[in-house]
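**Student:** Take this structure, written in structure tokens, and hold onto it; I'll ask about it next.
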Amino acid sequence: MQQAVPTITAGTPVIHAIEQWSGHCQRFAPGTRQNYQAALARLLDYCQPASIADLTTGQIGAYVNSRLAGRKPQSLNKDINAIRSFFRWLNETYDIPNAAAKIHKMPVCDEESRFLSDDEYRKVLTVATGRDLALVRFLANTGLRISEMIALTPASLQGKWLTVNGKGRKRRFVPLNATALETVQTAIQFSKSRHCFYQVCQQLAKRAGCLPFGPHSLRHYFATRCLAKGVDIHRLSKILGHSSVAVTERYYHFCPDHLAGLTDRLEEDL
């Protein structure tokens, strides 16, 4: 007979609640699970709570403030995402008050998520060389997340298609144009961390004389350019691995009005 899962209350030791929550996290990608578990471990180490009730909004806020010095907002927001996920699960599953509801993510500078213009992209191509040039062109022609590119293996390539395991371990298929096919082997062989390529982007931006950008900016560039060239938004949403078309629609705001409604695809001109 299967053993019943113990009910969690505000008086339950936090470590027991986290063990159950870890089961809920199995639906996340392995990297996300590891980050979430590490973030909760840091929270417990700081707050030293005996039970869930001891983890108050004030305690969580104090923990977040303690990690501000010397850390980028993006890094701290990963911790906040984990904490909010844990308390949201407690609230939705066991009706325990959400102590993290008023814990907000840190404002992020635009360098990682900003959108590159065509002119900036051309400048980056003129200063990039070798492997870096190939990776920039690959990301700008596939829209992959940097984590998805790092996870590619030779088995991911099937003719003119890539099999990509995205967020939430959702599998999708990404078509490859001529540029992507030319650079895909370099992408598959890239085995360094996302931080390594983030630094590459920073160096390229400096040499190109444009504002700093990150790997995700190349994904944004891919999406806006597809829409500007008339790619159907529903198909683009599937290529990008978005959870809904509503997420993809934000890219319309970065396309000129006279291009956003085009249905004819244009020849590649870069």
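What follows is calculated from the coordinates using simple rules that are stated; it is not laboratory data. Note that this is a predicted model, so its numbers are computed, not measured. Every residue, glycine among them, receives a Cβ derived from its backbone with ideal geometry; neighbour counts consider all protein chains shown.
**Student:** In terms of the Cα gyration tensor, with a ≥ b ≥ c the square roots of its eigenvalues, is region 14-94 rounded because a/c is under 1.5, prolate because a/b exceeds b/c, or oblate? Kindly include the intermediate steps, with their values, before the conclusion.
**Tutor:** Numbers: a/c = 1.89, a/b = 1.15, b/c = 1.65.
In terms of gyration-tensor shape, oblate.
**Student:** Suppose the chain between ARG250 and LYS78 were pulled fully straight at 0.36 nm per residue; how much longer would it get relative to their current alpha carbon spacing? Intermediate values should be presented prior to the final figure.
**Tutor:** Values: separation 172, 0.36 × 172 = 61.92 nm, distance 2.26 nm.
My answer for the length gained is 59.7 nm.
**Student:** Next question, about the same structure. By how many nm would the segment from HIS195 to ARG169 grow when fully extended, if each residue of separation counts as 0.36 nm and the alpha-carbon distance is taken off?
**Tutor:** 7.2 nm
**Student:** At a Förster radius of 30 Å, what calculated FRET efficiency corresponds to the Cβ-Cβ distance of SER66 and GLU92, to the nearest 0.05?
**Tutor:** Working: r = 28 Å, r/R0 = 0.93.
It comes out at approximately 0.60.
**Student:** What is the helix-to-structure angle for 178-189, meaning the angle in degrees between its Cα long axis and the longest Cα principal axis of the chain, kept from 0 to 90 and rounded to the nearest 10?
**Tutor:** Computed tilt is about 40 degrees.
**Student:** Region 121-174 to region 1-78: how many Å between their Cα centroids?
**Tutor:** The two parts, judged by their Cα centres, are 33 Å apart.
**Student:** Here's another thing I want to ask about it. Under a point spin-label approximation (7 Å from Cα along Cα-to-Cβ), what is the ASP45-THR57 distance to one decimal in nm?
**Tutor:** Here the modelled spin labels are 2.8 nm apart.
**Student:** Is the C-alpha gyration tensor of region 118-260 telling us rounded, prolate or oblate? Criteria: a/c under 1.5 is rounded; beyond that, a/b larger than b/c is prolate, otherwise oblate.
**Tutor:** oblate
**Student:** Specify the longest stretch of the chain that does not include any exposed loop site, a site being one of the GluC sites (Glu not before Pro) with a non-H, G, I, E, B DSSP assignment and at most 11 other Cβ atoms within 10 Å. Don't skip to the answer; put the middle values down first.
**Tutor:** Working: sites that count: GLU267, GLU268.
Result for the longest clean stretch: 1-266.
**Student:** Would you mind ranking LYS102, LYS123, LYS72 by Cβ crowding within 10 Å, fewest neighbours first?
**Tutor:** With the sparsest Cβ surroundings first, the list reads LYS102, LYS72, LYS123.
**Student:** Return a whole-number percent for the relative contact order of region 118-260, with Cα pairs under 8 Å and 6 or more residues apart as the contact set.
**Tutor:** 27
**Student:** Here is a further query. What shape does the chain take by its C-alpha gyration tensor, where a ≥ b ≥ c are the square roots of the eigenvalues and a/c under 1.5 counts as rounded, a/b above b/c as prolate, and the rest as oblate?
**Tutor:** prolate
**Student:** Cα-based count: Lys pairs in the chain below 22 Å, eight or more positions apart or different chains?
**Tutor:** Counting lysine pairs in the chain gives 20.
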